[in-house]
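Written below as structure tokens is the structure these notes are about.
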Amino acid sequence: MMNKQFDTCEIVHIPEKEPHDLHNQPTEFVFASAIDPQNANHIVRRLNQIAPLENLRHVKRIQKKVLERGQVQLSVILCAASEGDNQLDSVPPALQELISSFQLSPFITKVCKYAATSKEEWQEQCKIWPTSYHPRTYNIDGITGFSDENSECIFKFMQSAMELATSDGVVVNAAVIVDPSAKQIISRARDQVFAWSTNKENSSIDSSCNRKSEFSSSDVISNNFATHESFQVNESNNQLKQPYTGVACLYPWQWAKQQLHSQSSYYCHPLRHAAMVAVESSAARDRYIFPSEENNGEKPLELDHENPSSTSSPAKRQKTVCTTVENDDDQLKARNQSSNQLLERPYLCTGYDIYLVWEPCTMCAMALVHQRIRRIFYAFPNRNAGALGSVHRLQGEKSLNHHYAVFRVLLPEEALHKCHTEVPQT
Amino acid sequence: MNDSCSETVRLMKLAIDQANLAMDALEVPVGCVIVHDGKVISSGRNRTTETRNATRHAEMEAVDVLLEQWQKNGLSMSEVAEKFSNCTLYVTCEPCIMCASALSILGIKEVFYGCSNDKFGGCGSILSLHQNSTDSPNNEVPLGKGFKCTGGIMASEAVLLLRTFYEQGNPNAPKPHRPVAVASDKNELELVHQ
Ligand SMILES: [Zn+2]
Ligand SMILES: [Zn+2]
């Protein structure tokens, strides 16, 4: 029953590049010519020498068409052509030679400018001129889809984030960092822009590992979602009905308008967005569980430093940390210290996922690059300041040294308000 | 003109002092100072290794000092905002995308930096968040605040620090699969702010 319900919700991968309009992909002009199939090998070999297609590597040199009576017609790309240039004047002499020696009759045609990023794009491209399609060479779990079991987990963690976001009157953003290999919450945080207790140490660890009730309460929420069936999350739902002005990533510049005077126990901190606080907590947890590197010679483990986009499988890491949730922190710490031989400390948040109710702003999104988060799941887009597709698209910035995969969990706005009102007392 | 120039260099030297402190603590050597009314009111240096929190860049450290100080002194949020709008940051390396966003959120007035940050830079190298100035049409909450930004102040000193750091190897960094020795300035800067 649960699985059935999850089927109605969707998890959408937010790609590195803005997808092109399928039927209107950018094109470029090239000179092409029909050729005699008998000469094809010779001509293509020669063309690859004298006129390689430098910027169009995804484009196939030869187009093969089967004509009405089973006749095969081959056309070959000779070279790139600039727009409006239908003269062959600019063509290099070696190519001119080839054209005349095989008596080719060049014509101008279009090819797709960019390599296809999806099978659908590729199929459309081939209607114009054949291209090759290489599905991504690296895979971060989920880009190619989630199993029922995994999506169930993803929804539970997202609901946990939503519960947190709505847990205290004003709706804020919330972040939950998870070790997916152990299905374990590493840290969780709400925006602390207007309610930052100076007692930092206090806030950091308590949230770490020992949330025994996490799953049971999440289950209840899941079932509540189920009673409000068939959320039609479409484009119109991108506009939430309420402004949610308490969400820091949505209104990063709002803090300055507050007239609030700081009181003894509360400070305002304009940069303490949920994701920043969650990263801080995960670091505090790391320092707590693995107190000192000098003492035990432990080195943080980063599995794929040079090629972070292949994003280190968490399975390679020992699952010793926090798999036994019922322990308190001290027991956990003791256990981990005693099993140092088995235990490898992950480097920062390598292999971890983060769940955010709202798409993070640029500051938060970059913080998650720095901390090496593996996957980001968010529920609602952030048109004001979102950095994962809305305003910027950090997952597509090639120069960055780390790339996470980004997913949107499609949920209706009502899900925010169901979190608390309908959870039965247990 | 010359005076303001030498003043800029004087303040950048203080930022470099901070970077040196980071180096001594085996942290990536990036440092900064924040100046208000011609006076240095805060300083910071990279602290990512010690905290195991890769967001603890020099700028974040220096900003946290101020926020705590000002609120201890009873300033309201609008007064804090007013303060930041009169602050200038001197930092040895171009603020990364995270820090540049943070500086925009805080509404800082101006930034001077040393070397550029080809891999993460948020003030022109990768994104240009300092130009991010859009007032909302209804004049309520701004959708972005820009700040004035000037690079290349004592850039070679800043680069030299980073080169020294990476040539001697960062004992706290996880073992990279390739040697740490740096072939060019460009590669070296790619390692900044890790
Ligand atoms: Zn944010
Ligand atoms: Zn930074």
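Specify the residue that is nearest to A:Arg375 (Cα to Cα); the eligible residues are those in the stretch A:155-170 that are assigned to a helix (DSSP H, G or I) and of a type in the set (A, V, I, L, M). Even if it seems obvious, please write down each step before you answer.
Taking the stretch A:155-170 as the starting set, the residues that turn out to be assigned to a helix (DSSP H, G or I) are A:155-165.
Checking which are of a type in the set (A, V, I, L, M) leaves us with A:158, A:161-162, A:164-165.
Numbers: A:Met158: 13, A:Ala161: 15, A:Met162: 18, A:Leu164: 20, A:Ala165: 20 Å.
Checking each candidate, the answer is A:Met158.
Residue by residue through the stretch B:52-78, note down the ones that are in contact with an Asp or Glu (Cβ under 8 Å, 6 or more places away or on another chain), open to solvent by 10 Å² or more (accessible area, probe 1.4 Å) and either among the hydroxyl-bearing types (Ser, Thr, Tyr) or facing chain A (nearest Cβ under 7 Å) (or both).
B:Arg52
Does A:Cys349 satisfy being within 9 Å of chain B (Cβ to nearest Cβ), away from ligand 1 (no atom under 11 Å from the Cβ) and open to solvent by less than 10 Å² (accessible area, probe 1.4 Å)?
Criteria met by A:Cys349.
Among the helices (runs of 4 or more DSSP H) contained in the stretch A:1-110, which hold 3 or more residues that are modelled with pLDDT under 85?
On the way: elements: A:2-8, A:40-50, A:93-101.
Ranges flagged: A:2-8.
Cβ-Cβ under 8 Å, sequence separation 6+ or interchain: first residue in the stretch A:383-404 and within 11 Å of chain B (Cβ to nearest Cβ) and part of a loop (DSSP other than H, G, I, E, B), partner away from ligand 1 (no atom under 16 Å from the Cβ) and among the basic types (Lys, Arg). Which pairs?
A:Ser399/B:Lys119; A:Leu400/B:Lys119; A:Asn401/B:Lys119; A:His402/A:Arg372
Restricting to the stretch B:103-116, and then to whatever is within 13 Å of another protein chain (Cβ to nearest Cβ) and either within 8 Å of ligand 2 (Cβ to nearest atom) or of a type in the set (Ser, Thr, Tyr) (or both), can you tell me which residue is least open to solvent (accessible area, probe 1.4 Å)? Step through it out loud before you land on a result.
Initially, the stretch B:103-116 is screened for residues within 13 Å of another protein chain (Cβ to nearest Cβ), giving B:103-108, B:116.
Next cut, either within 8 Å of ligand 2 (Cβ to nearest atom) or of a type in the set (Ser, Thr, Tyr) (or both) only: B:104, B:116.
Working: B:Ser104: 2, B:Ser116: 42 Å².
That would be B:Ser104.
Restricting the search to the stretch B:79-102, which residues are surrounded by 24 or more Cβ atoms within 10 Å (Cβ to Cβ) and either more than 10 Å from chain A (Cβ to nearest Cβ) or touching a residue at least 40 places away in the same chain (Cβ under 8 Å) (or both)?
Passing the criteria: B:Leu89, B:Tyr90, B:Val91, B:Thr92, B:Cys93, B:Glu94, B:Pro95, B:Cys96, B:Met98, B:Cys99, B:Ala102.
So for the stretch A:144-155 (the condition being farther than 30 Å from A:Asp21 by Cβ, open to solvent by 10 Å² or more (accessible area, probe 1.4 Å) and in contact with a Leu (Cβ under 9 Å, 6 or more places away or on another chain)), does at least one residue qualify?
Initial filter on the stretch A:144-155 (farther than 30 Å from A:Asp21 by Cβ): A:147-150, A:152-153, A:155.
Among the residues that remain, those that are also open to solvent by 10 Å² or more (accessible area, probe 1.4 Å) are: A:147-150, A:152-153.
Subset that is in contact with a Leu (Cβ under 9 Å, 6 or more places away or on another chain): none.
No, there is no match, as no residue in the stretch A:144-155 is farther than 30 Å from A:Asp21 by Cβ, open to solvent by 10 Å² or more (accessible area, probe 1.4 Å) and in contact with a Leu (Cβ under 9 Å, 6 or more places away or on another chain).
Please specify each residue of the stretch A:352-382 satisfying the condition of being in a loop (DSSP other than H, G, I, E, B), open to solvent by 10 Å² or more (accessible area, probe 1.4 Å) and within 14 Å of ligand 1 (Cβ to nearest atom).
Within the stretch A:352-382, just A:Pro381 meets the criteria.
Has the stretch A:334-343 got any residue that is in a helix (DSSP H, G or I), at pLDDT below 90 and of a type in the set (A, V, I, L, M)?
Step one: filter the stretch A:334-343 for residues in a helix (DSSP H, G or I), giving A:334-338.
Next, only the ones that are at pLDDT below 90 stay: A:334-338.
Adding the requirement that they be of a type in the set (A, V, I, L, M) leaves A:334.
Yes, there is a match, as at least one residue in the stretch A:334-343 is in a helix (DSSP H, G or I), at pLDDT below 90 and of a type in the set (A, V, I, L, M).
Every residue in the stretch A:122-148 that is at pLDDT 80 or above and more than 22 Å from A:Leu410 (Cβ to Cβ), please.
Scanning the stretch A:122-148 gives A:Trp122, A:Gln123, A:Glu124, A:Gln125, A:Cys126, A:Lys127, A:Ile128, A:Trp129, A:Pro130, A:Thr131, A:Ser132, A:Tyr133.
Of all the residues that make up the stretch A:157-179, how many are open to solvent by 30 Å² or more (accessible area, probe 1.4 Å) and in contact (Cβ under 8 Å) with a residue 24 or more places away in the chain? Give the derivation first.
We begin by selecting, within the stretch A:157-179, every residue open to solvent by 30 Å² or more (accessible area, probe 1.4 Å); these are A:163, A:167-170.
From what's left, in contact (Cβ under 8 Å) with a residue 24 or more places away in the chain: A:163, A:167, A:170.
Counting residues in the stretch A:157-179 that are open to solvent by 30 Å² or more (accessible area, probe 1.4 Å) and in contact (Cβ under 8 Å) with a residue 24 or more places away in the chain gives 3.
From the residues in the stretch A:28-63 that are among the charged types (D, E, K, R) and without any contact (Cβ under 8 Å) to a residue 60 or more places away in the chain, which one is farthest from A:Glu124 (Cα to Cα)?
Narrowing the stretch A:28-63 to residues among the charged types (D, E, K, R): A:28, A:36, A:45-46, A:54, A:57, A:60-61.
Narrowing the set further to residues that are without any contact (Cβ under 8 Å) to a residue 60 or more places away in the chain leaves A:45-46, A:54, A:57, A:61.
Working: A:Arg45: 28, A:Arg46: 29, A:Glu54: 22, A:Arg57: 17, A:Arg61: 17 Å.
The residue in question is A:Arg46.
Filter the stretch B:82-102 down to residues that are away from ligand 2 (no atom under 12 Å from the Cβ) and among the polar types (S, T, N, Q) and give me whichever is farthest from B:Val33 (Cα to Cα). Step through it out loud before you land on a result.
Of the residues in the stretch B:82-102, the ones away from ligand 2 (no atom under 12 Å from the Cβ) are B:82-88, B:90.
Restricting the remaining residues to those that are among the polar types (S, T, N, Q) gives B:85-86, B:88.
Details: B:Ser85: 15, B:Asn86: 14, B:Thr88: 8 Å.
Top of the filtered list is B:Ser85.
For the stretch A:390-400, which residues satisfy the criterion of being more than 15 Å from ligand 1 (Cβ to nearest atom) and open to solvent by 20 Å² or more (accessible area, probe 1.4 Å)?
Here is the first cut: in the stretch A:390-400, the ones more than 15 Å from ligand 1 (Cβ to nearest atom) are A:393, A:395-400.
Listed by number, the residues that qualify are A:Arg393, A:Gly396, A:Glu397, A:Lys398, A:Ser399.
The values are calculated or read from the model by the stated rules, or taken from the named source; none is laboratory data. This is a predicted model, so every value here is computed, not measured. Virtual Cβ from ideal backbone geometry, glycine too; neighbours counted across all protein chains shown. Keep in mind that these areas ignore ligands, DNA and RNA; they rest on the heavy atoms of the full protein, side chains included. Shrake-Rupley method; radii C 1.70, N 1.55, O 1.52, S 1.80 Å.
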